[in-house]
Amino acid sequence: MRGEGQGGLRNSVAATRTIAIAGSGIGGLTAALALAARGFRVVILERTERLEEAGAGLQLSPNASRILIGLGLEPRLAPRVLAPDSISIRTARTGDETGRIPLGAAAAARYGAPYWIVHRADLQGALAARVTDHPDIALRLGAQVEDVGVDADGVTVVHRIGRTRHEVRARALIGADGVWSTVRRHVAPDVAPSFTGRIAWRGTVDVKRLPGDAGAARVQLWMGPNAHLVAYPVSGGARINLVAVVTGTWNKPGWSEPGDATEVAAHFDAARWPAAARAMIGAVDSWRKWALFAMPDGGVWHNGRIALVGDAAHAMLPFVAQGAGMAIEDAAVIAACLADTPDDPAAAFAAYVRERAPRVRRVQRAARDSGRIYHLTGPFGLARDRVIGMLGGARLLARHNWIYEWRQP
């Protein structure tokens with residue numbers, strides 16, 4: 001990775017045009033590219049020694065993909081992404097499709113950008129490669145943030161690499177370090193994410209191991225009693241990414257706890273779930289699970305020269321597939337606000353909050369409401385299925401217009 005002594009950030013550069021970012025996930029890397037595109041110099045501090053992104057698939061709707069395209073990521077991502085033709089909504093009650101939301105070329109034309117599905121590691125790899133190539137971005141791996149000092153002229157970020165302590169002097173600090181953010185304690189020390197009562201299981205399976213059209217270029221959403229299942233192709237269509245969400249009490253923090261296949265299968269038993277859904281679950285060799293934690297509605301955003309993006313600010317339930325999308329939007333908006341008032345980061349961050357908080361609050365609530373709908377039982381589940389069928393694909397897609405049509409102001 002490029003460093004200060006290798007053509008990256010030069011020591012002679014004044015800190016007034018330098019922004020420090022803690023975290024090199026999707027939000028942090030996107031923010032670095034967006035800031036560099038607006039003339040800032042960026043230092044990214046990443047606590048891990050290698051960029052090995054946990055997780056599997058991501059859905060990137062047009063509100064997010066258009067930002068990535070605008071940052072020049074399309075050539076790197078094109079070989080890795082798929083544009084699904086639809087979202088197939090299926091019910092565990094009968095195994096039938098109750099509705100199909102059209103995507104593909106029609107959605108791209110409607111929103112001016114594609115709907116993509118991609119492996120998380122492929123997206124992070126494309127972002128990291130572009131960051132590495134940029135002369136005004138330095139990425140420091142193995143850099144654990146230990147303290148932040150703020151004064152009238154900027155921030156000093158103290159971090160440790162191995163046994164050695166280092167300092168970065170910058171105009172401002174952006175915390176992009178996830179739901180268990182270290183930076184957040186400098187913004188809102190008394191606010192922490194809370195367990196939502198939902199547990200997500202993820203795994204992938206070779207498409208050749210699945211019957212029928214399970215590998216078709218579409219997203220499958222299976223809704224059932226107190227659980228739902230999402231499946232879609234990744235890795236160029238060679239594998240299927242599965243996410244099974246259930247209710248439960250296990251709430252260990254983290255993203256990648258090993259899971260017992262018999263435990264997840266018990267939530268999708270033959271009495272309540274059709275054979276097609278259970279076949280996908282049974283084909284997964286290795287499951288990982290994580291407890292779903294969320295931040296308060298509206299998020300926690302900034303304090304003076306320190307601001308948060310992505311899950312650090314507003315971790316949410318993933319039931320409208322907007323976790324990554326909101327982080328990408330945050331990155332674009334925070335860069336624009338800093339460019340508008342580069343000499344007053346606190347004012348820039350205040351403008352960023354005014355722009356982002358209402359939209360994020362609405363997305364958080366939509367995700368929570370979707371989770372309730374997906375898990376309905378008995379007569380309520382039957383009514384849900386009938387309503388979806390009556391609405392039809394075009395109207396189901398239109399219900400997402402307010403998310404997908406978003407463009408940076």
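The values are calculated or read from the model by the stated rules, or taken from the named source; none is laboratory data. All values derive from a computational prediction rather than experimental measurement. Note that each Cβ is placed from the backbone with ideal geometry, even for glycine, and that neighbours are counted across all protein chains shown.
One line per residue, one yes/no per condition, for (1) under 25 Å from residue 312 (Cα atoms); (2) in contact with an Asp or Glu (Cβ under 7 Å, 6 or more places away or on another chain):
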site: 235; (1), (2): no, no
site: 239; (1), (2): no, yes
site: 248; (1), (2): yes, no
site: 253; (1), (2): yes, no
site: 269; (1), (2): no, no
site: 277; (1), (2): no, no
site: 283; (1), (2): no, no
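Of the strands (runs of 3 or more DSSP E) lying entirely inside segment 98-209, those containing at least 1 residues that are surrounded by fewer than 22 Cβ atoms within 10 Å (Cβ to Cβ) and of a type in the set (S, T, N, Q) are 143-150, 155-161, 164-170, 194-206. Sub-9 Å Cβ pairs linking a first residue in segment 226-250 that is in the same structural domain as residue 263 (by TED's automatic domain parsing) and farther than 27 Å from residue 104 by Cα to a second residue that is small (Gly, Ala, Ser) and in a loop (DSSP other than H, G, I, E, B), at least 6 apart or interchain, are 227/92, ordered by first then second residue. Applying a threshold of 7 Å to beta carbon distances and a minimum spacing of six or more residues, or different chains, the list of pairs starting in segment 15-44 at a residue that is crowded, with 24+ Cβ neighbours inside 10 Å and ending at one that is of a type in the set (Phe, Trp, Tyr) reads 19/40.
Scanning segment 326-347 for residues that are buried (at least 23 other Cβ atoms within 10 Å of the Cβ) and among the hydroxyl-bearing types (Ser, Thr, Tyr) yields nothing. Restricting to segment 40-57, give me the number of residues that are at pLDDT below 95 and part of a loop (DSSP other than H, G, I, E, B). Number satisfying all stated conditions: 10.
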